[in-house]
Amino acid sequence: MRVLVAEDDPGLRSVLERGLREQGYVVDAVADGDAAVAHLRAYEYAVAVIDWRMPGRSGIEVIVAARARGIATPVLLLTARDAPADRVAGLDAGADDYLVKPFDFAELLARLRALQRRPPEVLAERLVCGQLEYEPAGHRLVVAGREVPLTATELGIAELLARRSPSVVDRRTIAVQVWDDESDAVGSNTIDVHVARLRSKLNAAADAAEAAGAPEADAAPRARIETVRGIGYRLVAG
């Protein structure tokens, strides 16, 4: 999933960017409030991590501007300010959660997962579609009881399709959410190749489970990635 990090301290920004990438996130990192607003307007993010004090617009001003434009991206506000009045000000401005510096990176990850569990995209402990189960916290995908080894890109596509299932996910959304590059630099052929490989691995796992007589293979219908011509893909059961 794609996350925005807006933090003016280069050391902390680098730590957040590297740590989130290691957890499977696609990260856009900016150093000032004006850039944060521009990115929130241009891209769709699963969550944003925004520092309170930044050059240009403050974190509060970034959040206010985003909410005024109808941008509902969940926001985790970072700050060294720990007074109750500051917490109230941050939440009232439109932040969804608040984390005081210094913080433990594991806590930040837990708070991001909690934010992603909120509407409009509900992220449960497991995303289930027929025989397919995806565990966001562990980045594990299981088909009919068998864990499927996937690349980071394939896992990103699988999570996005599972989260939006049974809705159609267009190619631009897949490009923006899964790849680090600008969406225009990721061609349809590249996306199609990765989806084809993912589809093949899912089918192979289901075939193997059926051949082995795994009870999970009979307990639920197969999960299938359908191509919606001219638009994108969707994950459905049956």
Identify, from the list Gln177, Gln116, Gln131, the residue that is modelled with pLDDT of 90 or more, on the phi < 0 side of the Ramachandran plot and not charged (D, E, K, R).
Gln131
Might you let me know whether the stretch 48-59 holds any residue that is surrounded by 15 or more Cβ atoms within 10 Å (Cβ to Cβ), over 12 Å from the mean Cα position of the chain (by Cα), closer than 24 Å to Arg113 by Cβ and of a type in the set (D, E, K, R)?
yes
Could you check the stretch 4-24 and list, in sequence order, the residues that are out of contact with any helix residue (DSSP H, G or I) (no Cβ under 7 Å at 6 or more places or on another chain) and either assigned to a strand (DSSP E or B) or farther than 19 Å from Ile174 by Cα (or both)?
Asp8, Asp9, Pro10, Gly11, Leu12, Arg13, Ser14, Val15, Leu16, Glu17, Arg18, Glu22
Taking Ala38, is it surrounded by fewer than 18 Cβ atoms within 10 Å (Cβ to Cβ) and within 15 Å of the chain's Cα centre (by Cα)?
no
Report, ordered by the first and then the second residue, all pairs with beta carbons closer than 6 Å, sequence separation of six or more or different chains, a first member in the stretch 15-31 that is more than 17 Å from Phe103 (Cβ to Cβ) and not assigned by TED's automatic domain parsing to the domain that holds Glu135, and a second member that is surrounded by fewer than 18 Cβ atoms within 10 Å (Cβ to Cβ) and of a type in the set (Lys, Arg).
Val27/Arg21
Looking at Arg146, Arg229, Arg172, Arg222, can you tell me which residue is buried (at least 20 other Cβ atoms within 10 Å of the Cβ), charged (D, E, K, R) and not assigned by TED's automatic domain parsing to the domain that holds Leu40?
Arg222
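Counting only residues that are over 25 Å from Pro10 (Cβ atoms), give me the helices (runs of 4 or more DSSP H) lying completely in the stretch 25-114 with at least 3 of them. Even if it seems obvious, please write down each step before you answer.
Details: elements: 33-42, 59-68, 84-92.
In the stretch 25-114, the matching helices (runs of 4 or more DSSP H) lie at 59-68, 84-92.
The values are calculated or read from the model by the stated rules, or taken from the named source; none is laboratory data. Given the structure is predicted, the values throughout are model-derived calculations rather than measurements. Cβ atoms come from the backbone with ideal geometry, glycine included; neighbour counts cover every protein chain shown.
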